[in-house]
Amino acid sequence: MKLSHGEVLDRLTVLQIKRIMATDPGKLEFINEQLRDPEFAVTDSLLSELAILNTLIFLAVDEIAIEPDLEKCGTLGKRIQALNLKRSTCKNALNTGDGYQDIKI
């Protein structure tokens, strides 16, 4: 049975929390085994990629806030725009469950 995208995301986050909190080696191995399910692999990869993209965007926005050089601000603005396009692609892949090939960051 194919799970809805929301269900996959919910199960993935629950398993990630359980993995952090697990103290019993047997339970930890069982959780890790569940996380190796191919259904989670693409989603986990996309979530990781989304976190990286958001981090890069936040860092660039913070840099613009303290950068006195307007030319460099323009370059940073273009970088933010490109990162946001990649972020949109990643979010669409999560929404549709299609997955996609690696985004070059």
Rounded to the nearest 500, what is the chain's calculated 222 nm mean residue ellipticity when only DSSP H runs of at least 4 contribute -39500 (n - 2.57) each, over all residues? -27500 deg cm²/dmol
Below 15 Å, Cα to Cα, which aspartates and glutamates can residue 91 reach? Residues fewer than 8 away in the same chain don't count. 44, 49, 102
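At most 14 other Cβ atoms within 10 Å plus a DSSP loop assignment makes a site exposed; report the longest stretch of the chain without any exposed trypsin sites (Lys or Arg not before Pro).
Working: sites that count: 2, 36, 104.
The reported range is 37-103.
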Mind listing the phi-derived Karplus ³J(HN,Hα) values for the stretch 37-45, rounded to whole Hz, using 6.51, -1.76 and 1.60 with θ = phi - 60°, and x for any glycine or proline? 4, x, 4, 7, 4, 5, 5, 4, 4
From the phi of every residue in the stretch 59-75, what ³J(HN,Hα) in whole Hz does the Karplus formula 6.51 cos²θ - 1.76 cosθ + 1.60 yield, where θ is phi - 60° and glycine or proline is x? 5, 5, 5, 4, 5, 4, 4, 10, 8, x, 7, 4, 5, 5, 4, x, 5
Check cross-link reach from residue 72 to the aspartates and glutamates: straight Cα distance under 16 Å, and skip same-chain residues fewer than eight apart. 62, 63
Contour minus Cα-Cα distance for residue 82 and residue 7 (0.36 nm per residue): 24.0 nm
In nm, to one decimal, how far is the modelled label at residue 63 from the one at residue 23, with both set 7 Å along Cα→Cβ? 4.3 nm
Of the labelled options (i) 80; (ii) 102; (iii) 117, which one gives volume of the Cα convex hull per residue in Å³ as computed for this structure? (iii)
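Defining a contact as two alpha carbons under 8 Å apart and six or more residues distant in sequence, what relative contact order in percent does the chain show? Kindly include the intermediate steps, with their values, before the conclusion.
On the way: 57 pairs, mean separation 31.3, N = 105.
Taking the mean separation of contacting Cα pairs over the length of the chain, I get 30 percent.
Coordinate-derived values only; no laboratory data. Remember, predicted model here, so these are calculated numbers, not experimental data. Every residue, glycine among them, receives a Cβ derived from its backbone with ideal geometry; neighbour counts consider all protein chains shown.
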